[in-house]
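Since the structure comes first, as structure tokens, the remarks are kept for the end.
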Ligand SMILES: Nc1ncnc2c1ncn2[C@@H]1O[C@H](COP(=O)(O)OP(=O)(O)OP(=O)(O)O)[C@@H](O)[C@H]1O
Ligand code: SF4
Ligand SMILES: [Mg+2]
């Protein structure tokens, strides 16, 4: 196992709820409530969970955009969560973030060159002033955009191209960790695959480690080495992608997976259907004991009082982390391993060349505006194409998946 680069221990973020004229604190939203994990050099750790479970808050804590209520975030052994001043600035250079919405996360009044080069204002030591323009052009090229478009504004780019700008900015300081908060969720399905491919390419070339936050389990499995499942501010399960997707031991993971469309038509009828009762409880008043007990079909008395620890528990083959007193593996789909099923379009081999190279090969390097077009191979388009459920109806859209 490669060395640990980022480590979160007992990470907590509680937001005060203020009410009344005096704005007195009436309680707390427990957005992140005791999260532990290690991120290894060069790996991708996926984070999935329903809306409001604390994924974005966790992302912001990891880059220290917010200070935690308690707990630590260590980058190569140095505590970021409690650092300040010069020390924090130096540590921050190593951990950068890419946001979900490429439309609102880029300042419309700044040129692309200024947006990507902005981090150099805060960290002038990275690139001397005279070399910044050249460096920004190199970054544009690295993410598959035309370096000559350095003076254009965000509105002159498509959604996928804007996310490339966001990624170029994220890697400008040559960080070792990139936190990606739903980086492809706002993009058209045909463009999602290109951005995921770009991220995989950059990871290989730059040796980056990713924390990849998303609610789409298929995208997360595709890109992640390990996956963690969050529920109401805590991690329910954590393991290698194969362990979590094929031998989930936590009932919440099992329920989430039962709502994921199955790529292989011959396996669709064999999938377990688990329909959870009730809504996600409020993070301001989470259930006692196991937070999932109000919706869990396996809950017993112990679950109402004892908080289950996220520890290694047997999964039928080996063991991986699960926070359930009664963890046991349950196969939700006979196999979701793409190497075992008949080749299916949705999981067809992805072309890992960067879009510019593909465009060049296809002779479509630039459009009339001189912009490199968004190119998609058929396999790439299918990878994230709209899906069908067991009956051949269109698959659930992400928002509908939330109410599993
Ligand atoms: N600044 C804040 N002040 C108060 N509450 C907040 C703040 N930021 C987040 N929260 C609350 O914390 C909880 C977790 O929010 P968060 O945005 O981290 O969830 P998420 O998993 O990213 O959801 P989504 O999938 O919708 O992006 C939510 O209940 C949210 O309302
Ligand atoms: S600890 Fe109990 S309530 Fe929680 S997931 Fe396990 S069985 Fe369900
Ligand atoms: Mg979020």
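The values are calculated or read from the model by the stated rules, or taken from the named source; none is laboratory data. Bear in mind that the values here come from a model prediction, so they are computed numbers and not experimental data. Cβ coordinates were reconstructed from backbone atoms using ideal geometry, including for glycine residues, and neighbour counts include every protein chain displayed.
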Residue 87 is checked against (1) within 30 Å of residue 71 (Cα to Cα); (2) buried (at least 19 other Cβ atoms within 10 Å of the Cβ); (3) free of Cβ contacts under 8 Å to residues at least 24 places away in the same chain and fails just one. What number does that condition carry? (2)
Among (1) more than 30 Å from residue 85 (Cβ to Cβ); (2) in a helix (DSSP H, G or I), residue 119 falls short only on (1)
Going residue by residue through the range 276-297, is there one that turns out to be in a loop (DSSP other than H, G, I, E, B), touching a helix residue (DSSP H, G or I) at 6+ places or on another chain (Cβ under 8 Å), modelled with pLDDT under 95 and within 23 Å of residue 221 (Cα to Cα)? yes
Mind listing whichever residues of the range 29-52 are touching a helix residue (DSSP H, G or I) at 6+ places or on another chain (Cβ under 8 Å) and crowded, with 21+ Cβ neighbours inside 10 Å? 31, 32, 35, 44, 46, 47, 48, 49
Is it the case, given these coordinates, that residue 14 is surrounded by 14 or more Cβ atoms within 10 Å (Cβ to Cβ) and in contact (Cβ under 8 Å) with a residue 60 or more places away in the chain? no
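Which residues, taken from the range 181-217, are within 16 Å of ligand 1 (Cβ to nearest atom) and either modelled with pLDDT of 95 or more or within 12 Å of the chain's Cα centre (by Cα) (or both)?
Going residue by residue through the range 181-217, those that are within 16 Å of ligand 1 (Cβ to nearest atom) are 181-187, 211-217.
Answer for the range 181-217, where residues must be within 16 Å of ligand 1 (Cβ to nearest atom) and either modelled with pLDDT of 95 or more or within 12 Å of the chain's Cα centre (by Cα) (or both): 181, 182, 183, 184, 185, 211, 212, 213, 214, 215, 216, 217.
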Report every pair of residues separated by at least 6 positions or lying on different chains whose Cβ atoms are under 6 Å apart, first residue within the range 51-70 and more than 21 Å from residue 91 (Cβ to Cβ), second surrounded by fewer than 19 Cβ atoms within 10 Å (Cβ to Cβ). 51/402
Answer residue from the range 61-80, given it is more than 17 Å from residue 4 (Cα to Cα) and surrounded by 19 or more Cβ atoms within 10 Å (Cβ to Cβ) and is nearest to ligand 1 (Cβ to nearest atom) among those: 61
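Out of the range 13-28, which residues are assigned to a strand (DSSP E or B) and out of contact with any helix residue (DSSP H, G or I) (no Cβ under 9 Å at 6 or more places or on another chain)? Walk me through how you get there before you give the answer.
Filtering the range 13-28 down to residues assigned to a strand (DSSP E or B) leaves 13-19, 24-28.
Those that are assigned to a strand (DSSP E or B) and out of contact with any helix residue (DSSP H, G or I) (no Cβ under 9 Å at 6 or more places or on another chain): 14, 16, 17, 18, 19, 24, 25, 26, 27, 28.
Each row is one residue, and each column tells you yes or no for (1) modelled with pLDDT under 95; (2) over 15 Å from the mean Cα position of the chain (by Cα); (3) within 13 Å of ligand 3 (Cβ to nearest atom); (4) over 30 Å from residue 248 (Cα atoms).
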position: 40; (1), (2), (3), (4): no, yes, no, no
position: 46; (1), (2), (3), (4): no, no, no, no
position: 50; (1), (2), (3), (4): yes, no, yes, no
position: 54; (1), (2), (3), (4): no, no, yes, no
position: 57; (1), (2), (3), (4): no, no, yes, no
position: 61; (1), (2), (3), (4): no, no, yes, no
position: 69; (1), (2), (3), (4): no, yes, no, yes
position: 76; (1), (2), (3), (4): yes, yes, no, yes
position: 80; (1), (2), (3), (4): yes, yes, no, yes
